[in-house]
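Just below is one structure, and these are the notes that go with it.
Just so it is clear, none of the values below were taken in a lab; they were calculated from the coordinates. None of the values given here were measured: they were computed from a predicted structure. Virtual Cβ from ideal backbone geometry, glycine too; neighbours counted across all protein chains shown.
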Amino acid sequence: MAVSGYPRIARQPRDLFGHPRALTFLFTTEMWERFSYYGMRALLVLYMTKYLLLPGHAENVIGLATLRGALESVFGPLGAQPFSSHIYGLYTALVYLTPVFGGLVADRLLGQHRTILIGAALMAIGHFMMAFEPLFLFALTTLILGNGAFKPNMSAQVGTLYARGDPRRDRAYSIFYVGINVGALLAPLVCGTLGEEVAWHYGFTAAGVGMVIALVVYLYAIPTLPPDELHLARAEGTDKQPLDRNEWRRVLALILLFMPVSLFWAAYEQQGNTIALWADDYTDRYIDLVVWKGEIPVTWFQSINPLLIVVFTPFVLALWRWQEERGREPTSVTKMTLGCFMLALSNLVLAGAAYVAMGDSVSWFWLLGYFVVLTVGELYLSPIGLSLVSKVAPARVVSVMMGVWLGTSFVGNFLAGWLGSYWSSMNKLHFFLMIAGTAALAGIVIQAFNRPVRNLIGD
């Protein structure tokens, strides 16, 4: 029997912090998928600016001249760095647009399980295609389509493990988010090191291997997962019923909240773009330890954020529990507002570094400080958004709404690429102030929606 569209799930054996056994498999699948995604992303801008877009290589890429012409018709002549930022922005933007369609396919046609399998297979193929220069744009397209099929349905399935009102749901998404970041932590260390120190194509191939592991784990997990929401709706005869007024109110509440979140991602996604360039050109990366001395590879800095996610999550959850016991825990919307302001503060740290540097290199501790503040901000926004969607969205459109949540990153990443294109021509102090202002504006707008959204969702 379903309760408000959610099935009653039989208790399964627990083997991960008192949660259903299936959460372990979803955690592991997502970990390896994120390993593949962030492994490739860690290399993408450096690969383009230092190799692929240089004379002698760019001519070999099928369709690249056409893409350059299209972009230059809008933005004017583009050097290697601005061109790479635009490609990065388009890729990451489309990665977060296609989940809307992937969610629709799952909710209306194939169900979550089949759509995830198709997406995982496409992504594995796309990563291996990255090892062949002429297929660069085809590889990115394949990865975009695969991610669109995979991402919203994997995130939505975590919510289906719990009945509505189960207090473990928020904690489950925090655990799931740790899985995302374990993969993101390992990816630059493995794929980034192989790509930078051995050969670019070795790094991309390692990302493909990670995606194959994710596919195998999910195939093993399927028998432990609840039925697809599509199949449950068909069994109950509700799959073709329109949303009622209350359900539409919940959808509207989520959409209102999602719009300013795009600005958060525009600032956040500088990590794989201009922050990598700051680390390469303006950061003193030399380190002298007892066990090792030398320069820290640029791609390793992209492991700091996921490492801190893993370290900080237990403390943030403990803080929220402490606040809850005293009736002082912030609402979901307020948490997201605080996340935006902390992201703004992280960019002010780098603005301080740029002021001190005056064109020279500064200590890598500045970057460490940036990542510390940014990570706390991320924990206050990203997993909270995932959990909110699973709680508020009507069950039979939960994958679509999860895709819409991920779609906020479409606009955000497109804006991130556009903002990043000013890196070469802009004073670095002014650049980081611009990014900080973008994040602060997101927080101000989200907080303006606090009361109306709370009234709609009862948070």
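For helix 64-75, report the angle its Cα long axis makes with the longest principal axis of the Cα atoms of the chain; keep it between 0 and 90° and round to the nearest 10°. Taking Cα atoms only, the helix is inclined about 90 degrees. The mean sequence separation of alpha-carbon pairs under 8 Å and at least six residues apart, normalised by the residue count of the stretch 17-457, gives a relative contact order of 28 percent. Each peptide in 383-395, 354-366 receives the mean, over its residues, of other Cβ atoms within 10 Å, and ordering these scores from highest gives 383-395, 354-366. Compared with the dominant principal axis of the Cα atoms in the chain, helix 21-47 is inclined by about 20°. Here is the list for the stretch 260-350: chymotrypsin sites (Phe, Trp or Tyr not before Pro) lying in DSSP coil, each with at most 12 other C-beta atoms within 10 angstrom of its C-beta, are 292. Determine the shape class of the stretch 381-459: with a ≥ b ≥ c the square roots of the Cα gyration tensor eigenvalues, call it rounded for a/c under 1.5, and otherwise prolate if a/b is greater than b/c, oblate otherwise. It is oblate, given that a/c is not under 1.5 and a/b is not larger than b/c.
Simple rule: put +1 on each Lys or Arg Cβ and -1 on each Asp or Glu Cβ in the stretch 17-457, find the dipole, and look at 55, 224, 300; the Cα lying farthest toward the positive end is 224. The alpha carbon gyration tensor of the stretch 96-190 gives principal lengths a ≥ b ≥ c with a/c of 1.5 or higher and a/b no greater than b/c, which makes the shape oblate.
Over the residues of the chain, the helix contribution to mean residue ellipticity at 222 nm works out to -23500 deg cm²/dmol, using -39500 (n - 2.57) for each DSSP H run of at least 4. Across the chain, the convex hull enclosing all Cα atoms gives 151 Å³ per residue. Between the stretch 410-445 and the stretch 206-222, the alpha-carbon centres lie 35 Å apart. Straight-line cross-link partners of residue 50 among the aspartates and glutamates, defined as a Cα under 19 Å from its Cα and at least 8 positions apart when in the same chain: 59, 133, 196, 197, 280, 281, 295. In a fully extended conformation the segment linking residue 448 and residue 255 would gain 68.1 nm over its present Cα-Cα distance, using 0.36 nm per residue. Charge dipole of the stretch 17-457 (Cα centre as origin; +1 on each Lys and Arg Cβ, -1 on each Asp and Glu Cβ, all else neutral): 1340 debye, rounded to the nearest 20.
When only alpha carbons are used to place a centre, the stretch 261-283 and the stretch 331-370 end up 11 Å from one another.
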